[in-house]
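The values are calculated or read from the model by the stated rules, or taken from the named source; none is laboratory data. Everything quoted here is computed from the prediction, not taken from an experiment. Cβ placement follows ideal geometry from the backbone for every residue including glycine, while neighbour counts extend to all protein chains displayed. Each accessible area value is taken on the protein alone, full model and side chains, heavy atoms only, with ligands, DNA and RNA left out. Shrake-Rupley method; radii C 1.70, N 1.55, O 1.52, S 1.80 Å.
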Amino acid sequence: DTAMFRIKEAGRRGMETDEDMQRRQLLEQHLQHAVEQGELRLMYQPIQDLRTGSIIGAEALLRWHHPLFGNVSPSEFIPIAEKSGSILEIGNWVLRTACLQGKQWHAWQDTRFRMAVNLSAVQMEQEDLLEQIEAILADTGMNPEMLELEITESTMMRNVDEVIRKLEALKAMGISISIDDFGTGYSSLSYLQKLSVNNLKVDRSFVNDLAHSDGDMTIAKAVIDLGHNLNMHVIAEGVETEEQKTLLQALGCDQVQGYLIGKPMGAEEFTERLAGV
Ligand code: C2E
Ligand code: MG
Ligand code: MG
Ligand code: MG
């Protein structure tokens with residue numbers, strides 16, 4: 001019918017329908033109270049070292065369960081929270097919660113256990129970002145060397161001088177920096193080197209067809225070599241099959257993350273996994 005047609009047309013042209021806009025405004029409104037209402041949760045996805053096969057860390061991934069809307073995907077609500085500014089309070093809660101958890105897991109393990117946290121461009125632009133992170137580390141007792149902050153290429157390129165200054169300061173504190181979804185955005189390779197970023201996370205779009213596409217194999221190899229030549233560790237995202245893992249291993253990739261190793265899981269389940277239950 002015509003209404004459906006209008007929605008499809010708008011979607012095709014990348015426009016927002018009335019329904020879309022209404023939902024976005026509602027979500028925006030409710031996001032402002034998500035932290036205080038206790039509607040947010042972190043899930044943790046294991047990261048495996050390809051040399052030893054052991055779980056060496058986790059990425060914290062945000063989940064929002066609203067009593068009315070149900071589960072809302074971060075791909076939908078993070079951009080809304082970024083536009084409205086509520087990402088600042090949410091991001092602060094994420095960092096605090098992930099650091100508390102990371103500290104516990106690190107204390108249990110004989111080895112290092114790293115906690116990776118996604119940092120939004122809007123958080124990066126905060127004047128007092130460094131002070132906030134210092135306060136969180138002090139309050140939670142998290143070792144900064146166990147904390148990794150993931151930023152995307154677009155965050156890195158948004159305000160280059162300011163980002164360089166902040167990343168240098170974070171690294172001076174002992175925190176590591178990863179470039180997330182590498183290969184999907186535009187980043188200057190010279191900045192990658194200048195920033196001496198610690199880790200490169202190869203986007204899962206290059207991992208998907210690895211076994212069936214020579215082109216993706218070539219790209220994955222090039223990115224892994226690039227990372228190594230710039231002294232970075234390379235982590236492949238979205239690894240779902242043994243075949244993909246074997247190919248990545250052969251290409252010299254350092255770490256893998258994906259459903260094959262483990263889906264994002266609650267803290268209790270992750271703890272059981274670490275304990276080998
Ligand atoms: P990301 O940081 O690149 O996180 C990886 C995403 O890939 C996660 O989606 C994860 O569940 C998914 N994934 C992991 N392994 C596989 C796999 O084998 N196959 C497939 N198909 N997917 C896999 P999720 O949790 O829905 O998060 C989506 C994005 O939302 C994240 O992408 C990140 O950009 C953003 N995000 C999530 N949590 C936060 C947060 O606390 N703060 C900020 N600023 N952004 C966040
Ligand atoms: Mg990430
Ligand atoms: Mg990613
Ligand atoms: Mg991604």
> Looking at the P(r) of segment 11-168, how many percent of alpha-carbon pairs lie beyond 26 Å?
Replying inline: 35
> When only C-alpha pairs under 8 Å and at least 6 residues apart count, what is the relative contact order of segment 62-115, in percent?
Replying inline: 19
> In terms of the Cα gyration tensor, with a ≥ b ≥ c the square roots of its eigenvalues, is segment 127-277 rounded because a/c is under 1.5, prolate because a/b exceeds b/c, or oblate?
Replying inline: oblate
> Ignoring ligands, DNA and RNA, what percent of the accessible area of the chain is carbon or sulfur (1.4 Å)?
Replying inline: 50
>> Taking 8 Å as the Cα distance limit and 6 or more residues as the minimum spacing, I'd like the relative contact order of segment 54-145 as a percentage.
In response: 35
> Counting Lys and Arg as +1 and Asp and Glu as -1, what is the net charge of the other residues whose Cβ lies under 14 Å from the Cβ of residue 65?
Replying inline: 0
> Of the residues 201, 245, 263, which exhibits the maximal mean-square fluctuation in a Gaussian network model of the chain defined by a 10 Å Cα contact cut-off?
Replying inline: 263
>> Please compute one quarter of the surface area of the Cα convex hull for the chain and express it in square nanometres.
In response: 16.6
> Taking only pairs that are 8 or more places apart or on different chains, how many Lys pairs in segment 128-263 have Cα atoms under 29 angstrom apart?
Replying inline: 12
>> Mean-square fluctuation check for the chain, GNM, Cα pairs under 10 Å: which of 52, 184, 140 is largest?
In response: 52
>> Are there DSSP H segments in the chain that both extend 27 Å or more along their axis (alpha-carbon positions) and score a mean Kyte-Doolittle hydropathy of at least -1.0? List them, or say none.
In response: 87-108
>> Once you keep just the Cα pairs under 8 angstrom separated by 6 or more residues, what percentage relative contact order results for segment 178-224?
In response: 37
>> In 10 Å bins starting at zero, report the fraction of Cα pairs in segment 79-148 per bin as a rounded %.
In response: 21, 50, 24, 6, 0
>> So, for the chain, what is the accessible surface per residue at a probe of 1.4 Å, expressed in square angstrom?
In response: 51
